[in-house]
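Quick notes on the structure that follows.
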Amino acid sequence: MYKSYYPKAAEIERQWLLVDAEGETLGRLATKIAALLLGKHKPTFTPGVELGDFIIVINARKITVTGTKTHSKLTEKMYHHHSGYPGGLKTISLRDQLSTYPDRVIRAAVWGMLPHNKMGHHIIKRLKVYGGPEYPHSAQNPKLVA
């Protein structure tokens, strides 16, 4: 009889990984990041267990988008959020979002690929996104991921 392996909390080792977003496509990069956050690259992957690593994304401002409407996607793709008050819907285009808050573009794309439950909320906290090449996590000695 075979037994299923279930990793214990003490056996989980988290690494710090560095991802450079310069010239990368938004959706393809988000799928790679989501897989790394979930821990699908590890041989001990088990659904329902947080095995993923910490991810640092740099140069988020220099990401590209593709698709059928590539030339107009920067102006037509809109991000919405609501303040909770009547008439509190805020809308911003992808171009404006990349120039003001580039971290929110990648975070929203990755969040759409994670489970929308308590585990997903814990996982997304391990994602650190920065618009430029500088990041404050040099003490963790992150490993560059292609």
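Each reported figure results from applying straightforward, stated rules to the coordinates on display, with no laboratory input. Please read all numbers here as calculations on a predicted model, not as lab measurements. All Cβ positions, even for glycine, are placed from backbone atoms using ideal geometry, and neighbour counts span all protein chains on display.
Placing +1 on each Lys and Arg Cβ and -1 on each Asp and Glu Cβ, with no other charges, gives segment 21-96 a dipole about its Cα centre of roughly 220 debye.
Relative contact order of segment 20-146: 33 percent, from C-alpha pairs under 8 Å at least 6 residues apart in sequence.
Eigen-decomposition of the gyration tensor built on the alpha-carbon atoms of segment 6-53 gives equivalent ellipsoid semi-axes of 24, 11, 6 angstrom, largest listed first. Using just its DSSP H runs of length 4 or more, each adding -39500 (n - 2.57), the chain gives a mean residue ellipticity at 222 nm of -8500 deg cm²/dmol after division by all residues. The lysine pair tally for the chain, using Cα distances under 14 Å and a gap of 8 or more places or different chains, is 4.
Expressed as an acute angle from 0 to 90° and rounded to the nearest 10, what is the orientation of the C-alpha long axis of helix 26-38 relative to the principal long axis of the chain? So the helix axis and the longest Cα principal axis differ by about 30 degrees.
Simple spin-label estimate for Tyr6 and Asn141 gives 3.5 nm between the two label positions (7 Å along the Cα-to-Cβ direction from each Cα).
Multiplying the residue separation of Ser99 and Arg126 by 0.36 nm and removing their Cα-Cα distance gives an extension gain of 7.4 nm. Only Lys, Arg, Asp and Glu carry charge here, each on its Cβ (+1 for the first two, -1 for the last two); on that basis the chain has a dipole of about 280 debye about its Cα centre.
Share of antiparallel DSSP beta bridges in the chain, in percent to the nearest 5? Restricted to the chain, the bridges split so that about 30 percent are antiparallel. The residue list Met1, Pro102, Thr75 was ranked by how far each Cα lies along the charge dipole of the chain toward its positive end, using unit charges on Cβ atoms, and Met1 comes out on top. In the chain the longest region clear of chymotrypsin sites (Phe, Trp or Tyr not before Pro) that are loop-assigned by DSSP and have at most 10 other C-beta atoms within 10 Å covers 6-146.
Starting from the Cα of Asn117, move 7 Å in the Cα-to-Cβ direction to define the label point; list residues of segment 16-54 whose amide nitrogen is under 12 Å from there. Zone members listed by number: 47-50.
Taking Cα extents along the principal axes in Å as calculated from this structure, the corresponding entry among [x] 71, 39, 29; [y] 56, 36, 31; [z] 36, 34, 27 is [y].
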